[in-house]
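**Q** Handing you a structure now.
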Amino acid sequence: MRVSEIVTLQAYLDRWAGTDAGRKAVAGAVRTIATTGVGIADLVARGPLEEGLAKIRGTDPNAGGDAQKELDVIAEERIVTALKGTEVAFLASEESEELIPVNTSGRLVVAVDPLDGSSNIDTNVSVGTIYSILPYDAAAHANPAAAVMRTGSHQVAAGFLAYGPATILVSTLGEGTQVFVYDRDKADFFLARDQVEIPAETKEYGVNQSNVRQWHAPMAAYIADCLAGKDGPRAKDFNMRWVGSMVADAFRIFTRGGVYVYPSDKRKGYENGRLRLIYEANPVAFLTEQAKGAATDGKTRILDIVPHHIHQRIPLVFGSKAEVEKIASYY
Ligand code: FDP
């Protein structure tokens with residue numbers, strides 16, 4: 001057993017929080033989301049034995065305009081129920097149009113994508129849960145939505161769980177990025193990597209390349225240059241990896257570098273890309289920067305973007321810093 005594996009998530013959070021009430025509230029929310037994730041991972045692990053997890057619920061799309069699947073709704077319900085015992089006042093969720101009141105006297109707001117990678121639910125491919133934690137002050141935020149409608153630079157913590165071969169938690173509390181792994185035998189999360197560093201340079205990108213004919217010129221030019229390989233302007237051969245669940249693609253990037261790219265394109269509804277700013281791009285951008293990577297919409301640092309809608313979409317590029325900067329140079 002590696003030395004780091006003797007540090008449980010609880011011990012790590014307790015040490016970080018100390019006696020500070022604000023930090024203890026954050027620690028409680030992180031621990032609760034992680035624990036809830038274990039239950040979701042159990043459901044996912046039953047695969048086709050758990051019938052209907054990918055079944056489309058109702059006829060209406062969710063707040064972000066995507067079809068809502070059974071597991072999306074189950075995951076959201078579990079998270080809301082679990083957070084009632086924490087200091088989370090309101091929850092913004094991909095699956096709900098409006099903020100959900102949780103424990104309205106609490107001092108935090110949380111934004112979540114309860115189940116990222118919904119299109120992979122029934123394919124035995126990793127899916128996950130993404131969260132962003134912000135401070136909430138009832139006196140300052142007469143409208144609680146204002147507490148989540150702030151730039152990502154206001155996040156006090158963020159992270160995601162990925163339900164794959166291993167159930168992992170990638171977390172930041174603003175002091176670097178940590179990876180915790182759930183040990184099923186010991187029924188606990190253990191620190192596996194502290195102070196994660198995404199290599200600045202890479203030869204690997206992740207993009208849904210089937211959209212090439214829909215892309216605008218900068219994105220098309222960037223990928224064309226990557227595809228030209230050693231003989232092209234980049235003078236190196238690139239590799240492509242695309243899981244199609246952002247949490248899984250992100251974990252690969254946190255492990256060995258690379259870039260994830262979801263640009264805006266010419267399709268109806270993709271004018272601002274596909275990913276949601278508040279509960280997908282912001283938390284991943286916070287984790288990425290804390291791991292010495294970069295995250296942008298092509299022109300602006302993600303964490304500097306002022307939201308105008310809870311479910312707003314944003315073009316997203318994140319990962320190895322030098323490659324993210326290279327992509328931005330095409331815009
Ligand atoms: P999904 O809609 O399946 O939840 O969050 C949006 C997202 O997945 C990302 O996880 C993923 O990277 C992307 O959309 C997949 O988009 P494509 O369907 O275009 O591949």
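**Q** Among the residues of region 86-98 satisfying the criterion of being outside any strand (DSSP E or B) and at pLDDT 95 or above, which is nearest to the ligand (Cβ to nearest atom)?
**A** Of the residues in region 86-98, the ones outside any strand (DSSP E or B) are 86-87, 94-98.
Restricting the remaining residues to those that are at pLDDT 95 or above gives 86-87.
Details: THR86: 25, GLU87: 27 Å.
Selected residue: THR86.
**Q** GLU201 - would you say it is within 28 Å of VAL110 (Cα to Cα), more than 14 Å from the ligand (Cβ to nearest atom) and over 14 Å from the mean Cα position of the chain (by Cα)?
**A** Numbers: within 28 Å of VAL110 (Cα to Cα): no; more than 14 Å from the ligand (Cβ to nearest atom): yes; over 14 Å from the mean Cα position of the chain (by Cα): yes.
It is false that GLU201 is within 28 Å of VAL110 (Cα to Cα), more than 14 Å from the ligand (Cβ to nearest atom) and over 14 Å from the mean Cα position of the chain (by Cα).
**Q** Of ASP304, ASP265, ASP231, which residue is among the charged types (D, E, K, R), surrounded by fewer than 24 Cβ atoms within 10 Å (Cβ to Cβ) and out of contact with any helix residue (DSSP H, G or I) (no Cβ under 8 Å at 6 or more places or on another chain)?
**A** The match here is ASP231.
**Q** Further question: Taking the residues in region 200-222 that are in a helix (DSSP H, G or I) and more than 30 Å from THR129 (Cβ to Cβ) as candidates, determine which candidate is least open to solvent (accessible area, probe 1.4 Å). Please lay out each step first, then the result.
**A** Just the residues of region 200-222 that are in a helix (DSSP H, G or I), to begin with: 209-214, 217-222.
Add one more test, that the residue is more than 30 Å from THR129 (Cβ to Cβ), and what stays is 212-213, 217-218, 220-222.
Numbers: VAL212: 77, ARG213: 168, ALA217: 77, PRO218: 35, ALA220: 38, ALA221: 40, TYR222: 1 Å².
Among those residues, the one meeting the criterion is TYR222.
**Q** Identify, by number, the condition in (1) hydroxyl-bearing (Ser, Thr, Tyr); (2) away from the ligand (no atom under 16 Å from the Cβ); (3) open to solvent by less than 10 Å² (accessible area, probe 1.4 Å) that SER245 doesn't meet.
**A** (2)
**Q** What do you reckon, is ASN282 within 15 Å of the ligand (Cβ to nearest atom) and either within 20 Å of VAL212 (Cβ to Cβ) or open to solvent by 10 Å² or more (accessible area, probe 1.4 Å) (or both)?
**A** Against the criterion (within 15 Å of the ligand (Cβ to nearest atom) and either within 20 Å of VAL212 (Cβ to Cβ) or open to solvent by 10 Å² or more (accessible area, probe 1.4 Å) (or both)), ASN282 does not qualify.
**Q** Hey, can you tell me all the residues within region 99-139 that are open to solvent by 30 Å² or more (accessible area, probe 1.4 Å) and within 16 Å of the ligand (Cβ to nearest atom)?
**A** Residues satisfying the conditions are SER119, ASP122, THR123, ASN124, VAL125.
**Q** Check region 75-98 and report whether any residue there is at negative phi, open to solvent by less than 30 Å² (accessible area, probe 1.4 Å) and without any contact (Cβ under 8 Å) to a residue 24 or more places away in the chain.
**A** Yes, region 75-98 contains at least one residue that is at negative phi, open to solvent by less than 30 Å² (accessible area, probe 1.4 Å) and without any contact (Cβ under 8 Å) to a residue 24 or more places away in the chain.
**Q** Report, by residue number, each residue of region 298-313 that is in contact with a Phe, Trp or Tyr (Cβ under 9 Å, 6 or more places away or on another chain) and either part of a loop (DSSP other than H, G, I, E, B) or closer than 19 Å to GLY206 by Cβ (or both).
**A** Within region 298-313, GLY298, LYS299, ILE302, ILE310, HIS311, ARG313 qualify.
**Q** Hey, another quick one. On the basis of being at positive phi and more than 10 Å from the ligand (Cβ to nearest atom), does GLY269 make the cut?
**A** So GLY269 passes the test.
**Q** Does TYR260 fit the bill of being in a helix (DSSP H, G or I) and either buried (at least 21 other Cβ atoms within 10 Å of the Cβ) or away from the ligand (no atom under 12 Å from the Cβ) (or both)?
**A** Working: in a helix (DSSP H, G or I): no; either buried (at least 21 other Cβ atoms within 10 Å of the Cβ) or away from the ligand (no atom under 12 Å from the Cβ) (or both): yes.
Considered against the rule, which asks whether it is in a helix (DSSP H, G or I) and either buried (at least 21 other Cβ atoms within 10 Å of the Cβ) or away from the ligand (no atom under 12 Å from the Cβ) (or both), TYR260 comes out as no.
**Q** Then there's this: Determine which member of the set ARG256, ARG252 is basic (Lys, Arg), modelled with pLDDT of 95 or more, in contact with a Gly (Cβ under 9 Å, 6 or more places away or on another chain) and under 20 Å from VAL284 (Cα atoms).
**A** Working: ARG256 fails: in contact with a Gly (Cβ under 9 Å, 6 or more places away or on another chain).
Among ARG256, ARG252, only ARG252 is basic (Lys, Arg), modelled with pLDDT of 95 or more, in contact with a Gly (Cβ under 9 Å, 6 or more places away or on another chain) and under 20 Å from VAL284 (Cα atoms).
**Q** Does LEU287 satisfy being closer than 26 Å to ASN143 by Cα and crowded, with 24+ Cβ neighbours inside 10 Å? Can you show your working first?
**A** On the way: closer than 26 Å to ASN143 by Cα: no; crowded, with 24+ Cβ neighbours inside 10 Å: yes.
Answer is no for this residue.
**Q** Failed condition for ALA142, given (1) within 16 Å of the ligand (Cβ to nearest atom); (2) modelled with pLDDT under 95, with all others met?
**A** It fails just one condition, (1).
The values are calculated or read from the model by the stated rules, or taken from the named source; none is laboratory data. What you see is a predicted model; the values in this text were computed from it and never measured. Quick reminder, even Gly has a Cβ in these numbers, built from the backbone with ideal geometry, and neighbours come from all protein chains shown. Note: accessible area is taken over every heavy atom of the protein model, side chains too, but ligands, DNA and RNA are not part of it. Shrake-Rupley method; radii C 1.70, N 1.55, O 1.52, S 1.80 Å.
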